[in-house]
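Take a look at the structure set out below.
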Amino acid sequence: MPKFLSAALALGFAAAPIAAQTPPPPPPAAAKAQAAAYVKAAGMSDLYEITSSKLALQKSRNDDVRRFAQMMIDHHTQTTAATVRAAKQDGLKPMPPKLGGAEASIGELRRASADGFDRLYIGQQLPAHQAALDLHRSFAANGDRPALKASAQAAVPIVQQHIQMLQQMPR
């Protein structure tokens, strides 16, 4: 019986995930068509990308991950600026972005060991980018403000490029 119990425990531990992967929550449905909600959701998405990627620059030992992280910082800083410009052009007064529900994801990355960081970072990035792609595509098609719709449409190929890169990265 002890052999059976130890085998069962070993299988249970082997099946357990190495690290949790908590991607940021998806944007609310209103963000796919309403300008104020879109600006808030896009800002949160970009801030998550920038913050998580700054952590990657600090913690990752992999040059490919570090290059990807720097590109995330550069690209998402640009998309944030474009969204803010478009929001102002459309008569809105955008507030500085907040992490909101993405704080849990950032906390998970902060607590990750250096050895487990890359896997967790990439594991969060793919669903976060898929949600961002859905957000930008949806607002570009259904949004209620023209400059923001154009800005959302311009973000789509950028996010698609990130997804393609993430799918090729080892996990």
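The values are calculated or read from the model by the stated rules, or taken from the named source; none is laboratory data. In this text the structure is predicted, and so the values were computed from the model without any measurement. Neighbour counts are summed over all protein chains in view; Cβ atoms, including those assigned to glycine, are modelled from backbone coordinates with ideal geometry.
Can you list the helices (runs of 4 or more DSSP H) lying wholly within segment 24-113 that have 3 or more residues being basic (Lys, Arg)?
35-59, 63-89
Scan Gln153, Gln160, Gln124 and give me the residue that is touching a helix residue (DSSP H, G or I) at 6+ places or on another chain (Cβ under 7 Å), in a helix (DSSP H, G or I) and closer than 14 Å to Thr51 by Cβ.
Just a single option satisfies the conditions, and that option is Gln124.
Specify the residue that is nearest to Asn62 (Cα to Cα); the eligible residues are those in segment 80-129 that are acidic (Asp, Glu) and out of contact with any Leu (no Cβ under 6 Å at 6 or more places or on another chain).
Asp118
Can you confirm whether Ala42 is closer than 22 Å to Ser138 by Cα, in contact (Cβ under 8 Å) with a residue 40 or more places away in the chain and crowded, with 19+ Cβ neighbours inside 10 Å?
When the stated conditions are applied, Ala42 passes them.
Out of Met95, Met44, which single residue is on the phi < 0 side of the Ramachandran plot and at pLDDT below 95?
Step by step, each of Met95, Met44 is checked, and only Met95 is on the phi < 0 side of the Ramachandran plot and at pLDDT below 95.
State yes or no: is Pro94 out of contact with any Lys or Arg (no Cβ under 8 Å at 6 or more places or on another chain) and surrounded by fewer than 21 Cβ atoms within 10 Å (Cβ to Cβ)?
The answer is no for Pro94.
Restricting the search to segment 127-146, which residues are among the aliphatic types (A, V, I, L, M) and either free of Cβ contacts under 8 Å to residues at least 40 places away in the same chain or not in a helix (DSSP H, G or I) (or both)?
Leu133, Ala140, Ala141
Counting only residues that are touching a residue at least 24 places away in the same chain (Cβ under 8 Å) and farther than 15 Å from Met71 by Cβ, how many does segment 147-166 have?
6
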